[in-house]
Each structure stands twice: as structure tokens, then as C-alpha cells.
1. Given the residues Arg206, Arg210, Arg191, which is the only one that is within 12 Å of the ligand (Cβ to nearest atom), over 25 Å from Ser48 (Cα atoms) and exposed (fewer than 14 other Cβ atoms within 10 Å of the Cβ)?
2. Restricting to the range 38-66, name every residue that is surrounded by fewer than 17 Cβ atoms within 10 Å (Cβ to Cβ), in a helix (DSSP H, G or I) and in contact (Cβ under 8 Å) with a residue 12 or more places away in the chain.
3. Taking the range 73-129, which residues are touching a Lys or Arg at 6+ places or on another chain (Cβ under 9 Å), closer than 22 Å to Gly168 by Cβ and aromatic (Phe, Trp, Tyr)?
4. Does Val69 satisfy the condition of being away from the ligand (no atom under 12 Å from the Cβ), in a helix (DSSP H, G or I) and in contact with a helix residue (DSSP H, G or I) (Cβ under 9 Å, 6 or more places away or on another chain)?
5. Which residues, counting only those in the range 6-55, are among the β-branched types (Val, Ile, Thr), within 16 Å of the ligand (Cβ to nearest atom) and under 16 Å from Gly149 (Cβ atoms)?
6. Check Ile103, Ile134, Ile127, Ile93 and return the single one that is within 16 Å of the chain's Cα centre (by Cα), assigned to a strand (DSSP E or B) and either under 26 Å from Trp194 (Cβ atoms) or among the small types (Gly, Ala, Ser) (or both).
7. Looking at the range 72-98 only, could you name the residues that are surrounded by 15 or more Cβ atoms within 10 Å (Cβ to Cβ) and within 12 Å of the ligand (Cβ to nearest atom)?
8. Is it fair to say Val69 is surrounded by 15 or more Cβ atoms within 10 Å (Cβ to Cβ), under 30 Å from Pro123 (Cβ atoms) and of a type outside the set (Gly, Ala, Ser)?
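Values quoted throughout were computed directly from the atomic coordinates according to the rules given, and no laboratory measurement underlies them. Just so it is clear, the structure is predicted and the values come from calculations on it, not from any experiment. Using ideal geometry, Cβ is built from the backbone for each residue, glycine included, and neighbour counts are taken over all protein chains shown.
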Amino acid sequence: MYAEDLNVYDVIRMRRDVRAEFTGDVVDDATLWRILDAAHRAPSVGNSQPWDFVVVRERATLRRFADHVAEKRIEFRDALPPERAATFEPIKIEGIVESGTGIVVTYDHQRGGPQVLGRATVPETGIYSAVLAIQNLWLAATAEGVGVGWVSFYDPGFLSELVGLPDGIRPVAWLCAGPVREFQRVPDLERFGWRSGRPLDEAVHRETFRG
Ligand SMILES: Cc1cc2nc3c(=O)[nH]c(=O)nc-3n(C[C@H](O)[C@H](O)[C@H](O)COP(=O)(O)O)c2cc1C
């Protein structure tokens, strides 16, 4: 299916967190630019656009990050009770090298100056804005046949140093992005028995949270 045949609901249903289905090809620059353009069109508190995107393609950098993530994966596994550790073991949690492209999405709390319209009482609205850029990116990539996998098994300090973030710029996500063979229909964590989703009617409440 091509992007022009898909409507927004199709893309939302197709989107997956991708780890194992990367083809090994690298996403071409024109496609990557369209995906980043979609991210950059996200809503943001006070129109502050607090995000930046660091595109990483150096094999050595991808490898260094993958090695760091592998250490964090082991730390997480070793802290699990034995039964959960056994469920976790076969789950792939990243496709850093295979995807061929990493996109580090960052957040700048200073962007937009001292009076960001709408952020005064809820400071997290800045981070929310960066995350909306990620969701736009993720959906646009899906429409292009490009898989995205969000990797959060890292020490923020390590990633900041790896890609040279200046003081005050926080990493929000490492996204693996690359062409995929297919999108799984069921999330990996469900397929591997780690955790299933819950039905919408459990998430929707009427008038109060208890309703
Ligand atoms: C903030 C955030 C961090 C995540 N970190 C990881 C991660 O480190 N490794 C991983 O394999 N998946 C990660 N995921 C993907 C989730 O596991 C995935 O979105 C969820 O299981 C639902 O699957 P789906 O995205 O395919 O619908 C992350 C997702 C989010 C939103």
C-alpha cells in the first residue's frame, strides 16, 4: 500500500514499534526529509517548537549506542523476577544498527523565551510538544513504509555525550528508522506475552474518572 492510498485511520492502525522487520536498506534522504517535515509541523505549546532532530548514520556511532543499550537491557533483565525475566528474554528491544538511521529527538526548555504562552502552570507541556513531534514522525514514516522503533534503554547522559548535545538540551528519544518488510499486526509485547493492551471502553470515563 502506498501513502496516497492510506487515510489517517489506516496509518494509525498500521503503525507499530518496529525492532525486527528492518530490511537493511537505509531510508533515502528525500523520504527522511518528508518525515522530519511532518514532525516539525506538530503542535507545540506557545508555538515554541522545542524539538531538534539529530540524524545519526555513522556505523560506529550506531554500534556504540547499541552496545550501551545492550548493557541497559541486561541490567533490566537481571532486576526482574525469574518468571518475568524468562518472558522478557526473547523480546528484541531495539534495531539500532539494522535500521541504518537513528533520529535523536531533543527538547530545549529555553526555546520560546521566558514567557511561553500556555506553559506557565504546566511545565511539562514543553516535553509534551516534543512527543507530539515524535508521533507525527512515527505516523508519516508508517505511511512511507518506514518503520520506527523508540528506544529508551539508555542513560540520558551517555546519549547527550554521544551526539554532542549542549547543556540545557535534553534527549527525549532515540528513534530507529528504516524501510521495513512488513508491519506486524499485533504489538511485539503482546505477541511475546509481556503485556497486552486494554479495551477502549475501560479507558473512557463519563463526567468523572469513576464514571
Ligand atoms: C516513550 C516510549 C518508550 C519506548 N521505549 C521502548 C524501548 O526502549 N524498547 C522497545 O522495544 N520499545 C519501546 N517502546 C515501544 C512500546 O513497547 C510499544 O509502543 C508498545 O508495546 C505498543 O506497541 P506498538 O507501538 O507496536 O503499538 C517505547 C514506546 C514509548 C511510547
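1. Arg191
2. His40, Asn47, Arg59, Thr61, Arg63, Arg64
3. The answer is Tyr107, and nothing else.
4. no
5. Passing the criteria: only Val18.
6. Step by step, each of Ile103, Ile134, Ile127, Ile93 is checked, and only Ile103 is within 16 Å of the chain's Cα centre (by Cα), assigned to a strand (DSSP E or B) and either under 26 Å from Trp194 (Cβ atoms) or among the small types (Gly, Ala, Ser) (or both).
7. Within the range 72-98, Lys72, Arg73, Phe88, Ile91, Ile93, Glu94, Gly95, Ile96 meet the criteria.
8. Yes; evaluated as a whole, the condition is true for this residue.
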